[in-house]
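Novice: Take a look at this one; I'll ask things after.
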Amino acid sequence: LPNIGKDFTNLEHQPGSSAIGSNYVSLTDFIYAVYEGKCLKIDANTGKKLETFELPPLEGQSTPAKWGFIANSGEFLIAGAETLSDKKGNPGNFTWSGTTSKAIVVLNRMTGKIIWKKEAEYGFRHNTIAISKDTVYCIDMIPKDIQIILTPTKTDGLGKICAFNLQTGNLLWSTDQGVFGTWLSYSTDYDVL
């Protein structure tokens with residue numbers, strides 16, 4: 001897969017997958033690799049490309065959304081769809097480039113069937129998407145320096161944390177109180193976000 005690591009290599013201080021999120025998931029049966037805006041399902045034993053999964057168009061678009069990152073939980077693939085940019089289509093400074101998606105899409109990892117999709121009000125930063133066995137947690141917020149570019153009249157209080165049921169996409173809870181940060185993690189052992 002030529003240039004599969006291109007997004008993780010530049011001359012600026014781009015922190016790579018710690019900010020962008022991973023572009024592949026390796027499991028015992030299949031490897032799922034985000035490549036050229038789509039997801040390749042690859043046989044883990046032979047390396048043979050088996051299928052290509054595409055994301056649905058987002059609201060107001062007619063073409064499939066591009067994959068931004070990929071994660072896995074059980075039978076599901078979790079995708080970030082369409083990385084955000086400024087109004088001219090520029091990705092912004094290095095802290096923004098490739099780090100945030102316009103939507104989260106959950107698919108069946110065997111068939112590629114879309115299970116559910118949630119579009120962000122502001123943007124789902126990839127490293128604020130944390131997944132348990134039954135819940136997708138995320139922060140819908142953009143960094144303050146980018147808020148100034150995209151919404152110069154509203155630079156404070158933009159953001160909320162959400163918890164969605166992994167199987168259905170139903171909103172379990174959300175809050176816009178005291179939301180901050182650029183990273184979330186979930187502990188299975190302690191059931192703590």
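The values are calculated or read from the model by the stated rules, or taken from the named source; none is laboratory data. Given the structure is predicted, the values throughout are model-derived calculations rather than measurements. Using ideal geometry, Cβ is built from the backbone for each residue, glycine included, and neighbour counts are taken over all protein chains shown. Keep in mind that these areas ignore ligands, DNA and RNA; they rest on the heavy atoms of the full protein, side chains included. Shrake-Rupley method; radii C 1.70, N 1.55, O 1.52, S 1.80 Å.
Novice: Grab the other residues whose beta carbon is less than 10 angstrom from that of Asp140, score K and R as +1, D and E as -1, and report the net.
Specialist: Values: positive: Lys118, Arg125, Lys160; negative: Glu119, Glu121, Asp176.
Surrounding charge for Asp140 is 0.
Novice: For region 31-36, take each phi angle, set θ = phi - 60°, evaluate the Karplus expression 6.51 cos²θ - 1.76 cosθ + 1.60, and give the result in whole Hz per residue in order, putting x for glycine and proline.
Specialist: Going residue by residue, I get 10, 10, 10, 7, 8, 6 Hz, with x marking Gly and Pro.
Novice: Once the other residues with Cβ under 14 Å from the Cβ of Leu172 are scored (Lys, Arg +1; Asp, Glu -1), what is the net sum? Mind showing how you got there, number by number?
Specialist: Working: positive: Lys118, Lys133, Lys160; negative: Asp134, Asp191.
Neighbourhood net charge equals +1.
Novice: Also: At 1.4 Å probe size, what's the solvent-accessible area of Leu107? Round to the nearest 10 Å².
Specialist: Roll a 1.4 Å probe over it and Leu107 shows about 0 Å².
Novice: Of the peptides 181-189, 125-133, 52-60, how do they stack up when ordered by the mean number of other Cβ atoms within 10 Å, highest first?
Specialist: Highest to lowest by the protection proxy: 125-133, 52-60, 181-189.
Novice: Efficiency by 1/(1 + (r/R0)^6): what FRET value for Asn165 and Lys6, r their Cβ-Cβ distance, R0 = 30 Å, to the nearest 0.05?
Specialist: 0.30
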